[in-house]
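J.: The structure follows.
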Amino acid sequence: MSYHHPENDPKYIGLNVNAGIEKPDAVNVDSVKRFLNKGKRKILSPDQYLREILKGNITILSQAVTLVESNKPEHQKVAQEIINKCLPYSGKSVRLGITGMPGAGKSTFIESLGKHITGQGGKLAVLAIDPSSERSKGSILGDKTRMEELSSDPNAYIRPSPSAGSLGGVARKTREIIILCEAAGFGTIFIETVGVGQSETVVHSMVDFFLLVQIAGAGDELQGIKRGIMEMADTIVINKADGDNYERAQLAAAQFRSALHLFPPTLSGWNPRVLTCSALENTGVSEVWEVVNEYIESVKETGYFKNRRSDQGKYWMYETINETLRNNFFHNTQIRHKLPIYEQLVLTEGMSSFVAAHELLNNYFKSIGNE
């Protein structure tokens, strides 16, 4: 583009201003196009996904996981086909649930134990169910930043999943992601859950071994919560057993061992262990992995391992039915129109909540009967 300079007018004798170079666009249009197109990944066929997942292609595995996590019907259709194709290649891993109160050092412990597993030639997938804000529906998704060494390990795969306030939904999807990871050749699957609460029960229903990470001096105010989780735990690990905290950790371990004697025998016939370790100093971590292997060997011999996997499959069949029915109900056009009306009736005490629920359900069944 040439620019007109008034100084080049003939009346200005002796002045001459060169046009100079053409001014480039403020934005590199080609780069922007490439960036936008990069976000629009082409969805492969289920067979293509299967082929690449079986090769251990992490990029394609991540894309398949994204389809599983998506709520779009077209994505869910493809995701279910991929899962069905991966099923024959799944089920060969050891699934560990890891929980513990915030501050117990779960991420450091997972990284330390994970590095021990990959150091022995194993392949590890870490599926972290992160907390989500009930207000903003945002998620921390910070596990990858907290596990720097494990994140860069070629034999490890870390995938944080936001719960977005729907624990049942994310739990079902996590179980489906386990199938994909197992088909990709990951022999150990960690499922990390946060804090204390209902999520522990859900995670317990999809793992082979449930591990509780604790620290010394957690306080008596957590005793009630601890008991519920302790009854599910196959092993309790007292972390941060180092420095000045070493003696306190040993004392806490002794107290936990005494408490476990008060619980009824486990269905697996396994006596839960209490161990101490320092994930930061990497001491006692290998012993934890030895106990996990001992447990798996024991329950496989008795047949409990296979029976538990079968029971879990049955449980998740019913959970999926419940979730699908619930979603269909709330996405029904008639129900979406009537729900605010019935809500207002209940709020103004014009109708009881039970009558409102029954009428809405009757409307729903009539609407699907007419389809």
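The values are calculated or read from the model by the stated rules, or taken from the named source; none is laboratory data. Everything quoted here is computed from the prediction, not taken from an experiment. All Cβ positions, even for glycine, are placed from backbone atoms using ideal geometry, and neighbour counts span all protein chains on display.
J.: Cβ contacts < 9 Å: first residue farther than 17 Å from residue 212 by Cα, restricted to region 286-305; second residue loosely packed, with under 14 Cβ neighbours inside 10 Å and of a type in the set (Gly, Ala, Ser), any location; separation 6+ or different chain. Result?
T.: Pairs that qualify, where the first residue is farther than 17 Å from residue 212 by Cα and the partner is loosely packed, with under 14 Cβ neighbours inside 10 Å and of a type in the set (Gly, Ala, Ser), are 298/269; 299/269; 302/269; 304/269.
J.: Can you tell me which residue in region 65-106 is surrounded by the most Cβ atoms within 10 Å (Cβ to Cβ), limited to those that are in a helix (DSSP H, G or I) and touching a strand residue (DSSP E or B) at 6+ places or on another chain (Cβ under 8 Å)?
T.: Going through the qualifying residues, I end up with 106.
J.: Could you tell me which numbered condition residue 94 fails, if it satisfies all but one of (1) touching a Ser or Thr at 6+ places or on another chain (Cβ under 7 Å); (2) farther than 24 Å from residue 204 by Cα?
T.: Status for residue 94: all satisfied but (2).
J.: Can you say whether residue 275 is under 17 Å from residue 97 (Cα atoms) and either free of Cβ contacts under 8 Å to residues at least 60 places away in the same chain or not in a helix (DSSP H, G or I) (or both), as far as the supplied structure shows?
T.: yes
J.: Okay, moving on. Would you confirm whether any residue within region 298-312 is under 21 Å from the mean Cα position of the chain (by Cα) and not assigned by TED's automatic domain parsing to the domain that holds residue 269?
T.: So far as region 298-312 goes, yes, one or more of its residues are under 21 Å from the mean Cα position of the chain (by Cα) and not assigned by TED's automatic domain parsing to the domain that holds residue 269.
J.: If a residue must be surrounded by fewer than 20 Cβ atoms within 10 Å (Cβ to Cβ) and either among the β-branched types (Val, Ile, Thr) or on the phi < 0 side of the Ramachandran plot (or both), how many such residues does region 227-252 contain?
T.: Qualifying residue count for the region: 13.
J.: In addition: Hey, among the residues in region 127-156 that are assigned to a strand (DSSP E or B) and under 12 Å from the mean Cα position of the chain (by Cα), which one's modelled with the lowest pLDDT?
T.: Result: 139.
J.: Right, something else. Every residue in region 49-64 that is surrounded by 20 or more Cβ atoms within 10 Å (Cβ to Cβ) and either over 18 Å from residue 160 (Cα atoms) or among the hydroxyl-bearing types (Ser, Thr, Tyr) (or both), please.
T.: Hits for region 49-64 are 49, 50, 53.
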